[in-house]
Amino acid sequence: MTAPILAIDTLDLTIGGAPILKGVDMVVEAGKVHALVGESGSGKSMTALTTMRLLPHGAEASGTLRFGDEDLLAATEERMCALRGDDIGMVFQEPMTALNPVKTIGEQVAEGIRWHTGANRPDAEERAAHMLERVGLPHTRFPLDRYPHELSGGQRQRVVIAIACALRPKLLIADEPTTALDVVLQAQILDLLKELVSEDGMGLILISHDLGVVADMADDITILRHGVVQEAGHAVDVLRHQNHPYTQQLAEASAHVPQWQSRARSPKDTALLDVQNLVKDYPGPRNGLLARGDPFRAVDDVSFSVPPGRSVGLVGQSGCGKSTLARIVLALDKPTGGAISFDGMQTSSLNDHDAQMALARREMQVVFQDPYGSFNPRQTVERLVAEPLHLEERPLGRAERRERIVFALEEVGMPADAMHRYPHEFSGGQRQRLAIARAIITRPKLVVCDEPVSALDVSIRAQILDLFAKLNDELGLAYLFITHDLTVARAITHEVMVMDHGKIVERGATADVLDDPQTEAAQRLVAAAPDLRRAIERRVGNTVPPSPRERGEGAPS
Amino acid sequence: MNDHLVAAEHEDWRLFLKKARANRSFQAGAIITLLIVAVATISLVWTPYDVSRLAIPERLQGPSGAHWFGTDHFGRDIVSMIMEGSRNSIAVALIAVGIGMVIGVPLGCWAAAKRGWIDEVFMRTSDIIFAFPALLSAVMITAIFGPGAVNAIIAIGIFNIPVFARVARGAALSLWPREFILAARASGKGPARITAEHILPNIANLLLVQGTIQFSLGILAEAGLSYVGLGAQPPATSWGRMLAEAQTMMAIAPQMAIAPGAAIIVTVLGLNLLGDGLRDVLDPKLRRQR
């Protein structure tokens, strides 16, 4: 066994006096993937930032961080500047913000090369071109003078990886590198990282909350909770045996299926929501003063119906048109063609001022993905949750209004005194409960959920899924449940529709479609979806990790 | 239940006071602003000396016990003139900012809510207004309607409209795609109601800061107009007018320029502190801190 690249020994970290990490030990070896797993607030990102010495103000670390033959905690800032980007690379979660929008991708990759090696511009650009080729962006198709906004999310993440790996670092830190991407892109990016690790023999710290991803990728694993290492060891062993109660708890939460009485209930014949031949075009880019390019068809001849009390999933890769479809169903956007009828009303032909529209809106509410962005930060929970109440035909008295708010809060498991507080005082999961309270306060018949759990930790996600199941059982709510996570679709939907390039390509009972996908688009989704149990089985039976081809990877995103 | 509500409102008010007490810049700003308002009010009924009476033998005196900041080239007491002038300066700047906000902010919010050609028309119009040097157009306006404080207010106010319209539009545009606005739209609220309930409270801090900047620019603009003789007309005075008159006397009586200059600085500083402090005190995110 060779000497480890990074050896963290009894690392303690406090920020402003509050303890963040307590005695963390961790060893990263060359050519190995070391997963750092935990829920938000467990200190996994802080461990990475300590290694980079990029800690916020007021942070104090003690212990040793042995990198090669030096202690990173004792290194000077000057020495750290030389190490960062050269021997230690970092990949961030959000590819949309990790690149400088006013510089070309070639410049951004070459920047680090020139800074650290003193290479001249042509040499650095040649190396940058070579690196971009390695991450799957050949310069015949992606010239160096492209700007980040001309690339998709998956392609941008490839550029970020190219920047981090341009100088063949000994250690690469990837902080949730695929959380912002859909499952198909996620599989591609993970394969790319794995390839780079085995080719360059670097050590990779993979920070993730997704046990499915980790089971597939990692050689070693460290599980953190509240800054304390819970369990560490060989990844497959740890995840297979689940000896530690916390490991077990995480594994259960990530495969959680709620108790849901209506799961087996057969659908009613009537349709609550009926969508016929829906089309949405967006105008093409402006080519000249008056000329425009061809329009972009985001939703292409889509028809479906949702019976009352039924939960229908809509799955697909990002950019396939699912969110556009949701907005049109909610009458926030006008369709180019086709018709929507909801509860007997032709909502696609109603205007915002029509009295029937208020009626339709009362029966149809929405829960969004981002528990932080979906509340006005300047209003109290009381006003936020009560927002849809103005749709009631007669104005409610103050006491009645409060009664409704308290009732809605109770239904989502929040205390009544939450109403006097502001949204920033709540955690992500609590805010999502508040968003659901806002959605159900008018007793709607349909709730459109746009990725409502994908920003949440696995244990919180399990609780919110339980809540959705309970509300369906008790209130008979119908859901249009948009997600790219097939585990979620399995947990909470009766039927599922697979969307690809604006069209619905496959539909049927959830289990049928996900167990035996027929179309190429559905197969791609199912093959790419990380799954803890399958990954462990595959790795126990066959210790060689599957090649990218086995997972059905096509061309780079 | 209702007791609960009253208690909560009471709580809010107490929190506001508590935070206001803890916020130094809010206190300093409030004290300075109150002092200036008090000085301007007192000058309505009393000043140490009568500023309309000339006393040539006492002209160009330095600071002394009788005249704290000395006298000008007509022998008028500078402290009294600052007090008199504060009314014109503050009124011109404040009303000009008011005109800009009252007209500009709704226009900007409307443009952001409607987008499309309405937006284009507004923004191109404001480009055209920006293309004219403000002073030139003010000269035009005062040439048509005659010089005086009221016309100076209108001229400066007109140029504040596109400034506030742009700030409001830009900030509102970045809010419209946010999910809480989508949620409000899904609740059936119209653009006007969403603007009032969600957009305005979230852009208020930007407008407040812009307001204090425009206020100081307003005082300077009034000074510029007075300097070319288009602002407050003698015997009325303003800080800008005092600065203009001091210019020729700079070498022999610097106190004539320093006093109104200091008055402008203190006023702008006070308002800036007040604006900053208010922003922090009203921000619910900072409510539990300190």
- Query: Could you say whether any residue in segment A:355-373 is facing chain B (nearest Cβ under 9 Å) and over 22 Å from A:Asp450 (Cα atoms)?
  - Reply: no
- Members of segment A:134-166 that are farther than 18 Å from A:Pro177 by Cα, out of contact with any Ser or Thr (no Cβ under 9 Å at 6 or more places or on another chain) and surrounded by fewer than 20 Cβ atoms within 10 Å (Cβ to Cβ): A:Pro138, A:His139, A:Thr140, A:Arg141, A:His149, A:Glu150
- Task: Among the candidates A:Leu181, A:Leu99, single out the residue that is modelled with pLDDT under 85 and not small (Gly, Ala, Ser).
- Result: A:Leu181
- Return yes when A:Leu389 is under 18 Å from B:His198 (Cα atoms), more than 7 Å from chain B (Cβ to nearest Cβ), part of a helix (DSSP H, G or I) and not hydroxyl-bearing (Ser, Thr, Tyr) and no when it is not. yes
- Set A:Ile221, A:Ile207, A:Ile189: member being farther than 26 Å from A:Gln249 by Cβ and either out of contact with any strand residue (DSSP E or B) (no Cβ under 7 Å at 6 or more places or on another chain) or outside any loop (DSSP other than H, G, I, E, B) (or both): A:Ile189
- Item | Unique residue being part of a strand (DSSP E or B), closer than 25 Å to A:His494 by Cα, touching a residue at least 24 places away in the same chain (Cβ under 8 Å) and among the hydrophobic types (A, V, I, L, M, F, W, C) when the list is A:Ile328, A:Ile340 | A:Ile340
- When you go through A:Val513, A:Val453 one by one, which is the residue that is among the aliphatic types (A, V, I, L, M), under 16 Å from A:Val312 (Cβ atoms) and buried (at least 23 other Cβ atoms within 10 Å of the Cβ)? A:Val513
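Results for (1) touching a residue at least 24 places away in the same chain (Cβ under 8 Å); (2) assigned to a loop (DSSP other than H, G, I, E, B), shown as yes or no for each residue.
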residue: B:Ile42; (1), (2): yes, no
residue: B:Ser52; (1), (2): yes, yes
residue: B:Pro63; (1), (2): yes, yes
residue: B:Ala66; (1), (2): no, yes
residue: B:Met81; (1), (2): yes, no
residue: B:Arg87; (1), (2): yes, no
residue: B:Ile90; (1), (2): yes, no
residue: B:Val105; (1), (2): yes, no
- Message: Can you tell me which condition A:Asn351 does not meet? The list is (1) facing chain B (nearest Cβ under 9 Å); (2) surrounded by fewer than 20 Cβ atoms within 10 Å (Cβ to Cβ); (3) outside any helix (DSSP H, G or I), and all the others hold.
- Response: (1)
- Answer with yes or no whether B:Ile252 is under 24 Å from B:Asn160 (Cα atoms), surrounded by fewer than 16 Cβ atoms within 10 Å (Cβ to Cβ) and not charged (D, E, K, R). no
- Do any helices (runs of 4 or more DSSP H) entirely within segment B:163-228 hold 2 or more residues that are more than 14 Å from chain A (Cβ to nearest Cβ), and if so, which? B:200-227
- Message: If the requirement is being at pLDDT 85 or above and over 21 Å from A:Ala408 (Cβ atoms), which of these qualifies: A:Ser323, A:Ser311, A:Ser318, A:Ser348?
- Response: A:Ser323
- Message: Quick check on segment A:394-431: of everything there that is among the acidic types (Asp, Glu) and either in a loop (DSSP other than H, G, I, E, B) or without any contact (Cβ under 8 Å) to a residue 24 or more places away in the chain (or both), which residue is farthest from the other protein chains (Cβ to nearest Cβ)?
- Response: A:Glu410
- Positions within segment A:1-21 being more than 26 Å from A:Cys165 (Cα to Cα) and outside any strand (DSSP E or B), in sequence order: A:Gly16, A:Gly17
- Task: Could you please find all residues in segment A:298-325 being in contact with a Lys or Arg (Cβ under 6 Å, 6 or more places away or on another chain), more than 25 Å from A:Ala529 (Cα to Cα) and outside any strand (DSSP E or B)?
- Result: A:Pro307, A:Pro308
- helices (runs of 4 or more DSSP H) contained entirely in segment A:22-138, each with at least 1 residues that are under 26 Å from the mean Cα position of the chain (by Cα) and within 24 Å of A:Leu192 (Cβ to Cβ): A:44-52, A:105-117, A:121-134
- Task: For segment A:461-468, state whether one or more residues are in contact (Cβ under 8 Å) with a residue 24 or more places away in the chain, away from every other protein chain (no Cβ under 12 Å), within 15 Å of A:Arg310 (Cα to Cα) and among the small types (Gly, Ala, Ser).
- Result: no
- Query: Taking the stated definitions as given, is A:Arg401 modelled with pLDDT under 85, farther than 30 Å from A:Phe296 by Cα, surrounded by fewer than 18 Cβ atoms within 10 Å (Cβ to Cβ) and outside the structural domain of A:Val306 (by TED's automatic domain parsing)?
  - Reply: no
- Item | Matching residues, segment A:245-297, being outside any loop (DSSP other than H, G, I, E, B) and of a type in the set (S, T, N, Q) | A:Thr247, A:Gln248, A:Gln249, A:Ser254, A:Gln261, A:Ser262, A:Gln276, A:Asn277
- Message: I want to confirm something. Restricting to segment B:210-246 and keeping residues that are hydroxyl-bearing (Ser, Thr, Tyr) and either free of Cβ contacts under 8 Å to residues at least 60 places away in the same chain or more than 18 Å from B:Gly100 (Cα to Cα) (or both), which single residue is surrounded by the fewest Cβ atoms within 10 Å (Cβ to Cβ)?
- Response: B:Tyr227
- Message: For the structure I just gave you, tell me whether A:Arg383 is within 13 Å of chain B (Cβ to nearest Cβ), assigned to a helix (DSSP H, G or I) and in contact with a helix residue (DSSP H, G or I) (Cβ under 6 Å, 6 or more places away or on another chain).
- Response: no
- Query: Has segment B:134-155 got at least one residue that is within 14 Å of another protein chain (Cβ to nearest Cβ), buried (at least 18 other Cβ atoms within 10 Å of the Cβ) and among the polar types (S, T, N, Q)?
  - Reply: no
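The values are calculated or read from the model by the stated rules, or taken from the named source; none is laboratory data. Predicted, not measured: the structure shown is a model, and the values here were computed from it. Here Cβ is always computed from backbone atoms with ideal geometry, including for glycine, and neighbour counts include all displayed protein chains.
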